[in-house]
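See below for the structure under consideration.
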Amino acid sequence: MANLTIKNLKKSFGETEILKGINLEIKDNEFVVFVGPSGCGKSTLLRSIAGLEEVTGGHILLDTKEITDLAPAKRDLAMVFQSYALYPHMSVRKNMSFALELAKEKKEVIHNKVAEAARILELDPLLERKPKELSGGQRQRVAIGRAIVRQPKVFLFDEPLSNLDAALRVQMRLELARLHHDLNATMIYVTHDQVEAMTLADKVVVLNQGRIEQVGTPLDLYRNPANRFVAGFLGMPKMSFLPGKVTALDASSVTVELTSGTTVTLPAASEHLSQGSAVTVGVRPENIDVVEPSESSLTGHMDIAESLGSDTYCYVKTDGQETLTVRMPGNFACNYGDRIGLRLHVDECHLFDEQGNAVQKPSRLAA
Amino acid sequence: MKTTALNAGPASSAAEPKQDSRQGSIRKTSRINRFMVSPSVLVLALWMVIPLSMTIYFSVIRYNLLYPGDNEFVGLENFQFFVTDFGFMAGMSNTLLLVGSVLLITVVLGVLISLLVNQAFWGRGIVRILLISPFFIMPTVNALIWKNLLLHPVSGVFAAIWKFFGATPIDWFSEFPLFSIIMIVSWQWLPFAILLLMTALQSLDQEQQEAARLDGAGPWALFFHLTLPHLARPIAVVVMIETIFLLSIFAEIFTTTGGGPGYETTNLAYLIYSQALLQFDVGLASAGGLIAVVLANIAAFFLVRLIGKSLTEKQ
Amino acid sequence: MLSLKQRRSLNTLLMGVLAWGVALAIFFPIFWMLLTSFKTEIDAFATPPQLFFSPTLENYTLVNERSDYLHFAWNSVVVSFGSTIIGMMLAVPAAYSMAFFETKRTKGTLLWMLSTKMLPPVGVLVPIYLIFKDTGLLDTKTGLVIIYTLINLPIMIWMAYTYFKEIPKEVLEAARMDGSTLFQEIWRVLLPMSKGGLAATVLLSLILSWNEAFWSLNLTASEAAPLTALIASYSSPEGLFWAKLSAVSTLACAPILIFGWISQKQLVRGLSFGAVK
């Protein structure tokens, strides 16, 4: 069993507070991804869990055992570093067996564990080589192998894919997902890449400036972001934001007047809003359509269109000087400067109040 | 519905957090890490403070090993004696002459030779080895080899060369004692300058040189406008470091001339040595020692600033 | 007229010849010393100096009998290696702490340490001499070892520091995660990774101690005198002795010369306090 509990964790470097009170529960066998922009504290959080940084306050518990001040070696955790951090003077085999040797395991046991890890990661032909003779992807697998061999309670990954080229990154992502299923282990993974977060995670933790913004499954966070930050962070291309004012509200819907004057009515729980409140409407590219200018009250002109073959992403400037991104099918063609109309799928839109928090949708409350 | 972190987990109040405090706490290791410097700092601090403070003390009392017990406070009397002793002027001027000449010779020749060796030619590795060798010779060996095998007026190599050209050989240590010392010391330190400058030249920007050549710069222009400025800093380093060490030249004088004839080859270091260990006047020698320390510190001040800069601009 | 390429090759050739000339001229005294060590005393003192002669090994065999060479050599060895070992034991932890756990005071401490090297030995000759006299350390190998450790420590710390700085912190953290204690982290990961640099540091310390010619001349008499003192004693002429002097000198200088040749590149770093890489 490997349940990790983090209570009110704080970490400061001198005067600067990096982690401002983190509370988190991680269950056995979960693949948890810490994601966020540079400087949000995700690596610091991971390193504090690992024991490589001394915390300033709070507690970390692993299966009810307090590990907050324990040395890394005593925590039963293994870490895969961004730069792999292999021992350059040891062979692949020695790299993987080092920890077991330090723990004074029997030679046979070591040999078997290393062989097993090498098998899983397809490292058998490389066992006697030194790190400098390996490619980036191979080194990374050795780094993972070094962790596997220890059979730790939790695996920690610090941006392991960022040093790989694009194609290799995709491949390794799949291998990591497979690894998670094969080993059935708890994994904590740090990345700034939201694609990795969406694809690998059972649970995503979005961090911003030392605080947790939201925790949930990837699709949960995608469909129901708790605030503007999370909404804008997940999803590629980013959600478009349209500022506006509340003009009318009733029990289950809110009418918003956008800067251009157009009004949209969204299903939303209106308890905390009042007439005239400043709000922001958030809409994802796949929830807008380009239509004839005559068919919609929201109009604008086409800026740049990027055609990827499978989709075309149109960057649009509305008459109210707002920018929107629209996803259209791959065969959609339009010219720079064309006048167009836009139709929003109001059921899928999001509403954010003045503080940036999401306004709840009544239709989801039941679910 | 916001999914947030659970606040009340099963582990919060019920179970006592078990702490493995016996071994491996991070706080303990980080304290150890920070204190690993302490022994060295302590030892060096003692090394600096104790002898130096003793020197300061001795310099203001009367202390002669031949008359123990006669130690009264005499203020700056020792300094006065030291400075007015006619050995002092000679000592100071010899020190400055020695340091200045060696610096000049080693830097100028160092630049020229390192430029010479900078390009690839057959056997360059061996040439390098030959050039840096004198630096590793013991100073006492150095002195005696030069005094006897090379500069000896009868059987020395220089004498043979002089005779070959029909001139009368020079008795170097009698006629040019200080210059002889300068020759010996320069020979020993030239490799140092060559080594540092050679290394610095290797980091010369090739592209810059090529661009300049395309622009029509000839070898002289290249040297003055590109190479020399690039070498400015290593030359400064060479000068500073050599100065520190040259101020205390001792062994060569000790082994060859013993400071003489008269005071002609006595530098400050040798003067103090002779006061202390030959005339047993500790008070006087300490005063002199302090003066030497002050001189060295002035040079050191600039060196530390230079190093400090290069230490802080990493890479 | 020569083509550009021909002119360049001629240029290179001329420079090469000139370089060789200069190098041979500079190396000449050492070469002559070596040569003289194989001459008989009569040949050595001959006028004009002989380039060709019948070589003999008699100087080398006599060296030990006349001047108890081995005793002095042993002193040099003990003092050099002793001070180097103790120095490394102090320097490695200090450099480790400063390289991987840098604080605001680290740079200041390093500079201060280097500045202790700028104290001219004459400045403290008297107190040290008196302290040694009173504590019975005069003319002992122990006394020299202490002094040498102190004067070489700053450079050793400094060199180890720069080499340690080049080692990525993460590899050491990986070792920590793998379960190593502090000692194991240093012994099994850090030291093997910085072997080259530490070897250079050791060599530099050996060279500086072996050739040290101030304290070794003033603080020793007969018991603990190293080779520097032995050679210095030849300065009072006792008859024809050039060949023997050369032999002794060659023996005394050879090891250091070889050490120096091996570690030239790293020495530049150490000797210039890093300002020249």
**Prompt:** So which of C:L217, C:L191, C:L198 is more than 7 Å from chain B (Cβ to nearest Cβ), under 20 Å from C:I151 (Cβ atoms) and at pLDDT 85 or above?
**Reply:** C:L198
**Request:** Kindly establish whether C:T149 is among the hydroxyl-bearing types (S, T, Y), farther than 14 Å from C:Y96 by Cα and surrounded by fewer than 21 Cβ atoms within 10 Å (Cβ to Cβ).
**Result:** no
**Asked** If we scan the stretch A:30-48, do we find a residue that is surrounded by fewer than 23 Cβ atoms within 10 Å (Cβ to Cβ), under 26 Å from C:T103 (Cα atoms) and within 14 Å of chain B (Cβ to nearest Cβ)?
**Response** yes
**Prompt:** Quick check, is A:E25 modelled with pLDDT under 90 and either in a strand (DSSP E or B) or over 30 Å from A:R129 (Cα atoms) (or both)?
**Reply:** no
**Item:** Sole residue being touching a residue at least 12 places away in the same chain (Cβ under 8 Å) and either over 18 Å from A:T191 (Cβ atoms) or in contact with a Phe, Trp or Tyr (Cβ under 6 Å, 6 or more places away or on another chain) (or both), chosen from A:S12, A:S43
**Value:** A:S12
**Request:** Filter the stretch C:18-77 down to the residues that are in a loop (DSSP other than H, G, I, E, B) and within 12 Å of another protein chain (Cβ to nearest Cβ), then identify the one that is farthest from B:A160 (Cα to Cα).
**Result:** C:K39
**Prompt:** Can you tell which of B:G156, B:G125, B:G110 is more than 7 Å from chain C (Cβ to nearest Cβ) and under 18 Å from the mean Cα position of the chain (by Cα)?
**Reply:** B:G110
**Prompt:** Among the numbered criteria (1) within 9 Å of chain B (Cβ to nearest Cβ); (2) under 30 Å from C:S37 (Cβ atoms), which single criterion is violated by C:A91?
**Reply:** (2)
**Request:** Pick out the one residue from A:S97, A:S48 that is more than 25 Å from A:N184 (Cβ to Cβ) and at pLDDT 90 or above.
**Result:** A:S48
**Message:** Test of understanding: among B:W187, B:W162, which residue is touching a Pro at 6+ places or on another chain (Cβ under 6 Å) and within 10 Å of chain C (Cβ to nearest Cβ)?
**Reply:** B:W187
**Asked** Which residues, taken from the stretch C:150-166, are under 21 Å from C:G82 (Cα atoms) and either polar (S, T, N, Q) or not assigned by TED's automatic domain parsing to the domain that holds C:P121 (or both)?
**Response** C:N152
**Message:** Looking at the structure I just gave you, is A:P88 in a loop (DSSP other than H, G, I, E, B) and closer than 22 Å to A:H180 by Cα?
**Reply:** no
**Request:** For A:L61, state whether it is at pLDDT 90 or above, touching a helix residue (DSSP H, G or I) at 6+ places or on another chain (Cβ under 9 Å) and either closer than 26 Å to C:L191 by Cβ or within 14 Å of chain B (Cβ to nearest Cβ) (or both).
**Result:** no
**Prompt:** Can you find even one residue in the stretch C:224-244 that is surrounded by 21 or more Cβ atoms within 10 Å (Cβ to Cβ), at pLDDT below 85 and more than 25 Å from C:T36 (Cβ to Cβ)?
**Reply:** yes
**Message:** Here is a check on your reading of the model: is A:A197 of a type in the set (A, V, I, L, M) and farther than 28 Å from A:A78 by Cβ?
**Reply:** no
**Item:** So B:A236, is it assigned by TED's automatic domain parsing to the domain that holds B:I105, closer than 29 Å to C:L257 by Cβ, surrounded by fewer than 19 Cβ atoms within 10 Å (Cβ to Cβ) and in contact (Cβ under 8 Å) with a residue 12 or more places away in the chain
**Value:** yes
**Request:** Specify which of the listed residues (A:L70, A:L121, A:L77, A:L100) is surrounded by 23 or more Cβ atoms within 10 Å (Cβ to Cβ) and not β-branched (V, I, T).
**Result:** A:L77
**Candidate set: the stretch C:117-144, residues that are β-branched (V, I, T) and crowded, with 16+ Cβ neighbours inside 10 Å; chosen: the one farthest from the other protein chains (Cβ to nearest Cβ)** = C:T140
**Prompt:** Here is a list of conditions, (1) in a helix (DSSP H, G or I); (2) at the interface with chain C (Cβ under 10 Å from one of its Cβ atoms); (3) hydrophobic (A, V, I, L, M, F, W, C), and B:A120 meets all of them except one; can you say which number that is?
**Reply:** (1)
**Prompt:** Which condition number does A:A226 fail, the rest of (1) at pLDDT below 90; (2) within 11 Å of chain B (Cβ to nearest Cβ) being met?
**Reply:** (1)
**Request:** Check every one of the strands (runs of 3 or more DSSP E) wholly within the stretch A:239-328 and list those with 1 or more residues that are under 27 Å from the mean Cα position of the chain (by Cα).
**Result:** A:240-249, A:278-283, A:288-291, A:298-307, A:311-318
**Request:** Of the numbered conditions (1) under 20 Å from A:V32 (Cα atoms); (2) in contact with a helix residue (DSSP H, G or I) (Cβ under 7 Å, 6 or more places away or on another chain), A:F157 fails exactly one; give the number of that condition.
**Result:** (2)
**Complete:** Counting only residues that are surrounded by fewer than 21 Cβ atoms within 10 Å (Cβ to Cβ), over 16 Å from A:G232 (Cα atoms) and within 15 Å of the chain's Cα centre (by Cα), the stretch A:164-202 contains a total of 4
**Message:** For the stretch C:94-109: of the residues being part of a helix (DSSP H, G or I) and either more than 7 Å from chain B (Cβ to nearest Cβ) or touching a His at 6+ places or on another chain (Cβ under 6 Å) (or both), which is nearest to B:S59 (Cα to Cα)?
**Reply:** C:G108
**Asked** Of the residues that sit in the stretch A:305-351 and are among the aliphatic types (A, V, I, L, M), out of contact with any Asp or Glu (no Cβ under 9 Å at 6 or more places or on another chain) and touching a residue at least 40 places away in the same chain (Cβ under 8 Å), which one is surrounded by the most Cβ atoms within 10 Å (Cβ to Cβ)?
**Response** A:L351
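The values are calculated or read from the model by the stated rules, or taken from the named source; none is laboratory data. These numbers come from a predicted model, not from an experiment. So basically every Cβ, Gly included, is an ideal-geometry build from the backbone, and we count neighbours across all protein chains shown.
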